[in-house]
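Trainee: Can you read through this structure? Questions will come right after.
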Amino acid sequence: MTSIVEIPVTMSSREIAELTSKEHKNVMADIRKMLVDLGYDLDEEGRSAEFSADLPDSYGRLQPAFLLPRELTEVLILGYSAALRLKVVRRLRELEQAQLKPPVSPALHDPAATLLAIGKGLLDMVPGINPAIMAAKTLTAITDNTGLDTSALRLALPASETPTEAMLNATQLGKLLGISAQKVNKRLTDAGLQYRDDKGNWLLTPEGTKHAEALPFERHGHAGYQVMWRTTVVGLIETHH
């Protein structure tokens, strides 16, 4: 039996502004109000640890923005006119169609091998991802999708899938240093430890993988990877401006 796996899509505040012909600053204000009403925390600069990003404007300059999952995008546009809501909903459908994974071919007789290859590919694609965590997730996916018993293989994994060393996100690092998460991310970027991809996700550089890991997460229907830093990075960025 084949199946299609839907990958959660996100829409940027900049694209929402373009679709609705609204000024980006006004869309940003609408999003901030929505997030506060829904109980999300914003820092003193109005940024969210879960949804903020720095995206290029029409001149290619990085500017503050938000990346919202479909659910929050739909909540946001409830207050917009029917015509504007329709534009956004149609665009969301386009994004979902573009990110649908093709079904597994009926001629493929070894789905377990396919899942192992996907796991290996993710290790290559996501710098800093913990191999033990990826192996555990892959074994779970194999069991869920094929019914194969992977318990014997799990005995070769570390006793815990969770790192024992303290790991901190940008907001928590900022509290240690007395600065905002945005400034922490800038220092980490300036120090050559991380960078943003074309979707606004933080990725680790080879040097950054020495001080951080990319840990998988799932929150409010949105899945991805979050960079978590070891405390060794504090000394590298506390005086970096």
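Trainee: Calculate one ³J(HN,Hα) per residue across region 53-60 by plugging θ = phi - 60° into the Karplus curve 6.51 cos²θ - 1.76 cosθ + 1.60, and present them in order as whole Hz with x for glycine and proline.
Mentor: After applying 6.51 cos²θ - 1.76 cosθ + 1.60, I find 7, 10, 10, x, 8, 5, 9, x Hz.
Trainee: To continue, here is another question. For residue 211, list long-range residues whose amide hydrogen, built 1.01 Å from N in the peptide plane, is under 5 Å from its own amide hydrogen.
Mentor: For residue 211, no residues qualify.
Trainee: How high is the FRET efficiency from residue 71 to residue 36, r the C-beta distance, R0 22 Å, rounded to 0.05? Numbers along the way, then the final one.
Mentor: On the way: r = 17 Å, r/R0 = 0.76.
Between residue 71 and residue 36 the formula returns 0.85.
Trainee: Pop out the ³J(HN,Hα) list for region 200-206 in order, Karplus 6.51 cos²θ - 1.76 cosθ + 1.60 with θ = phi - 60°, rounded to Hz; leave Gly and Pro as x.
Mentor: For region 200-206, the Karplus-derived couplings read x, 7, 7, 10, 8, 7, x Hz, x marking Gly and Pro.
Trainee: Add +1 for every Lys or Arg and -1 for every Asp or Glu among the other residues with Cβ under 12 Å from the Cβ of residue 234, and state the total. Spell out each step's value before the answer.
Mentor: On the way: positive: 175, 187, 230; negative: 238.
Residues close to residue 234 contribute a combined charge of +2.
Trainee: Using the per-residue mean of other Cβ atoms lying within 10 Å as a proxy for protection, in what order, highest first, do the peptides 82-89, 199-206 fall?
Mentor: Details: 82-89: 14.0, 199-206: 16.9.
Descending packing order for the listed peptides: 199-206, 82-89.
Trainee: Shape verdict for region 13-62, please, from the Cα gyration tensor: rounded (a/c under 1.5), prolate (a/b greater than b/c) or oblate.
Mentor: On the way: a/c = 2.58, a/b = 1.45, b/c = 1.78.
Since a/c reaches 1.5 but b/c is at least a/b, the shape of region 13-62 is classed as oblate.
Trainee: If amide hydrogens are placed 1.01 Å from N in the peptide plane, which non-local residues have theirs closer than 5 Å to the one on residue 55?
Mentor: For residue 55, whose amide H was placed from the backbone, the distant partners under 5 Å are 63, 65.
Any read-out appearing in this document is the output of simple, stated calculations on the displayed coordinates, not a laboratory observation. Small disclaimer: the values here were computed from a predicted structure and weren't measured. Using ideal geometry, Cβ is built from the backbone for each residue, glycine included, and neighbour counts are taken over all protein chains shown.
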